[in-house]
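Visitor: I'd like to ask you about the structure that follows.
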Amino acid sequence: MPLIELDLLVEHSDAAGRDVIREAAIAAGLIWKCRHSACPTYNQRSDELCGGCGRSREGRPLSDFQPGLYVAPDELWEELRDEVTDYFRQQGFAPLPDAVTFPRVSNRDAVPWSHIELVLHYGGVKREHLADPAGTEIEDLLEQIALAIEPTHHDLRIALAR
């Protein structure tokens, strides 16, 4: 059932009917409900993060995602976090994003993730952002991380320090 039809069913139901429709949709795997106790948001099956609060399907805060067979050394990961945080502070971002995703762009390049076309996470909202990280260590650190983790075909996400 297309989600727009599910939305119409919910919209035209009474309170008891809404609960039954949503529970059936969850059981069928069409939607998922955020498990964070303060967030009542129902999300599409394809959503990795909650559209209401930005937490994961398990209700956990937005976190790092290293898409590889191995884990990069902590010092590389922390250097990347510091560089990305510094970059956005220098650009005057207030507030800072909760996390930044570097989208996967290539299997052949030394740096398989874009460091120019980024996705910024603010709670449950994602914003595309064109960056210009010239003069930073971001590209070099992404290359070092790629060598350490043997990346899979997924994006890389780093949660920023506040």
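The values are calculated or read from the model by the stated rules, or taken from the named source; none is laboratory data. All values derive from a computational prediction rather than experimental measurement. Cβ atoms come from the backbone with ideal geometry, glycine included; neighbour counts cover every protein chain shown.
Visitor: Polar (S, T, N, Q) and more than 30 Å from Ala24 (Cβ to Cβ), is that true of Thr136?
Guide: yes
Visitor: Also, quick follow-up: Among the residues of region 120-137, is there at least one that is touching a strand residue (DSSP E or B) at 6+ places or on another chain (Cβ under 9 Å), within 30 Å of Trp32 (Cβ to Cβ) and exposed (fewer than 13 other Cβ atoms within 10 Å of the Cβ)?
Guide: The answer is yes, given that some residue of region 120-137 is touching a strand residue (DSSP E or B) at 6+ places or on another chain (Cβ under 9 Å), within 30 Å of Trp32 (Cβ to Cβ) and exposed (fewer than 13 other Cβ atoms within 10 Å of the Cβ).
Visitor: Let me ask something else about it. From the residues in region 99-112 that are out of contact with any Asp or Glu (no Cβ under 7 Å at 6 or more places or on another chain) and in a strand (DSSP E or B), which one is farthest from Leu147 (Cα to Cα)?
Guide: That would be Ala99.
Visitor: Check region 110-117 and report whether any residue there is closer than 22 Å to Ser63 by Cβ, of a type outside the set (Val, Ile, Thr) and in contact (Cβ under 8 Å) with a residue 60 or more places away in the chain.
Guide: No - not one qualifying residue is present in region 110-117.
Visitor: Only residues that are charged (D, E, K, R) and closer than 29 Å to Ile149 by Cβ: list them for region 23-72, please.
Guide: Arg35, Arg45, Asp47, Glu48, Arg55, Arg57, Glu58, Arg60, Asp64
Visitor: Got a sec? Which helices (runs of 4 or more DSSP H) wholly within region 1-98 have at least 2 residues that are touching a Gly at 6+ places or on another chain (Cβ under 7 Å), touching a residue at least 40 places away in the same chain (Cβ under 8 Å) and surrounded by 11 or more Cβ atoms within 10 Å (Cβ to Cβ)?
Guide: So the answer is none; nothing clears 2.
Visitor: Within region 71-113, how many residues are among the hydroxyl-bearing types (Ser, Thr, Tyr) and modelled with pLDDT under 90?
Guide: 1
Visitor: In contact with a Leu (Cβ under 9 Å, 6 or more places away or on another chain), among the charged types (D, E, K, R) and not assigned by TED's automatic domain parsing to the domain that holds His36: which single residue out of Asp109, Asp86, Asp64, Asp82 fits that description?
Guide: Only one candidate qualifies: Asp64.
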